[in-house]
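Structure first, then comments.
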Amino acid sequence: MEFQNSNKKKKENKSRKIKMLRVPAAPVWFRARPRAPLPIRSPPTRASTAAMESESAASTGGRGEARAAKRVVVCGGGVIGACTAYFLAKNGAAQVTVVEKSAVACAASGKAGGFLALDWCDGGPLSALARASFHLHRSLSLLLDGPNAYGYRPLDTLSVPLLPAGSSSATAAAGASPLLPTWVDGGTARPPRTLGTVETTAQVHPQLFTRTLLAAAAAEHGVEVVIGEAERVEVEGGRAVAVVLKEGGRAIAADAVVLALGPWSDRFPLVSSLFNVSGRKAHSIVLRPKDPAAITPHALFLSYQPSPGSKLLDPEVYPRPTGEVYICGMSKDCEVPDDPEQIVGEREAIRMLHKVADSLSSHLKDGEAEVAAEQACFLPCTDDGLPVIGAIPGVEGCFVATGHSCWGILNGPATGASLAELILDGRSTTVDLKPFSPSRFLRKRANQR
């Protein structure tokens, strides 16, 4: 079995009864301090702290009156759905309901690395989205006490060419590099290289970020989270009017519907008839070293060859403020299962990640670090490599947001803010969504004829 790397630089049970969800609070080490809610609006071109805190964002005149009539159902309780629900509620939607089959942030949004980069998508269609979202993350951290609530922090990011454990060919120059964190005491083939600084890279704990955002939206604006499987979108007269749940056939009335279910989005014919969403299975482990204070805030992008002649891998390492160390990097294309809670890691991939940890640091070796998690999740991917964000053509009031691949945590806020604007105002000003419009697939089909 061959696993491929996923380096960012390179481009409940089905019989469970439907119920209202109380979004879990953050663990005590990330407990958020009470903070008065601040209104949020997005600027004409790029989200910024000043715009996020502007009092004028809360005005209800003009377009705000139109917003009062909007009842929006968001299908999907991951980071994209949570961000969309949050900004919809902040910006004046009358009622926002999130429908989630299993649990909030139970899939990729709970098992991702949470790495944020300002400029790693520059030069391509994702540039504006990524930059706006990076700034929104910073602003949300100020608003929601991110450092305590969900582990937001800026950090330095390095490229490290790692040698296998026991290798005798490590260079003295690499070991002596002032850039190399002291806890990285494994063999390195060359000195590390800076990929990002505290000004351009940061991190969050993705599960806590997603849950904090939804908890804030629920507490401040009455957003509801319903645990149940969305079976279909009810369409009448060419317009989405409700989301029908599988169990009991309950219909939740809506003026707008958002499909933000990651790789499960194409379970809806409205999506699958227009474009493909595939899943890429990514593996990760989480370790708790005995001496967490020794682990400094450095994100590491490794190049690692397990043995001579073997394939070069690109694992990623993210120390967290909790003292845990998250390691990922083994991914493969495969079929997405129906139930996200049944996804488990494959033995070979997990074994390789432990081998990386053993080669990287004595603090992460077997016996020196407790294994907190061995897991896998599916990244949603599209045929052209770009996310799909916007209105589904032919069905008024139906929107989709999926296909963010490994950049979902980074791009969640700008996706949610932009989509909320599109739904409530008829246009997006945070980011131009044209490159991500679902309509692009209609144009591609027309060109192929």
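The values are calculated or read from the model by the stated rules, or taken from the named source; none is laboratory data. Since the model is a prediction, treat every value here as computed from it, not as a measurement. Neighbour counts are summed over all protein chains in view; Cβ atoms, including those assigned to glycine, are modelled from backbone coordinates with ideal geometry.
What the table shows:
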quantity: Filter result for Val344 (surrounded by 24 or more Cβ atoms within 10 Å (Cβ to Cβ) and hydrophobic (A, V, I, L, M, F, W, C)); calculated: no
quantity: Evaluation of Val96 against (1) assigned to a helix (DSSP H, G or I); (2) crowded, with 24+ Cβ neighbours inside 10 Å; (3) out of contact with any Cys (no Cβ under 8 Å at 6 or more places or on another chain) (one fails), failing number; calculated: (1)
quantity: Residue among Pro125, Pro161, Pro147, Pro154 that alone is out of contact with any Asp or Glu (no Cβ under 8 Å at 6 or more places or on another chain), surrounded by fewer than 23 Cβ atoms within 10 Å (Cβ to Cβ) and closer than 26 Å to Leu360 by Cα; calculated: Pro161
quantity: Condition check for Ala414: within 23 Å of Tyr152 (Cα to Cα) and in the same structural domain as Gly186 (by TED's automatic domain parsing); calculated: no
quantity: Among the candidates Val317, Val286, residue that is more than 17 Å from Val184 (Cβ to Cβ), part of a strand (DSSP E or B) and β-branched (Val, Ile, Thr); calculated: Val286
quantity: Output for the range 228-249, where each listed residue is charged (D, E, K, R) and either in contact with a Lys or Arg (Cβ under 7 Å, 6 or more places away or on another chain) or modelled with pLDDT under 95 (or both); calculated: Glu229, Glu231, Glu247
quantity: Breaking point among (1) within 30 Å of Val198 (Cβ to Cβ); (2) touching a Leu at 6+ places or on another chain (Cβ under 8 Å); (3) in the same structural domain as Leu442 (by TED's automatic domain parsing), for Ala217; calculated: (2)
quantity: Of all residues making up the range 289-304, the number that are of a type in the set (Ser, Thr, Tyr) and over 15 Å from Ala357 (Cα atoms); calculated: 1
quantity: Residue within the range 253-263 that is at pLDDT 95 or above and touching a Pro at 6+ places or on another chain (Cβ under 8 Å) present; calculated: yes
quantity: Single residue of the range 183-200 satisfying the filter (assigned to a strand (DSSP E or B) and not basic (Lys, Arg)) that is surrounded by the fewest Cβ atoms within 10 Å (Cβ to Cβ); calculated: Thr194
quantity: Complete set of residues in the range 343-387 that are assigned to a strand (DSSP E or B) and among the small types (Gly, Ala, Ser); calculated: Ala369, Ala372, Ala373, Ala376
quantity: Considering residues of the range 289-311 that are closer than 18 Å to Gly187 by Cβ and in contact with a strand residue (DSSP E or B) (Cβ under 6 Å, 6 or more places away or on another chain) only, the residue surrounded by the fewest Cβ atoms within 10 Å (Cβ to Cβ); calculated: Ser303
quantity: Condition check for Ala369: in contact with a helix residue (DSSP H, G or I) (Cβ under 6 Å, 6 or more places away or on another chain), under 19 Å from Pro164 (Cα atoms) and crowded, with 21+ Cβ neighbours inside 10 Å; calculated: no
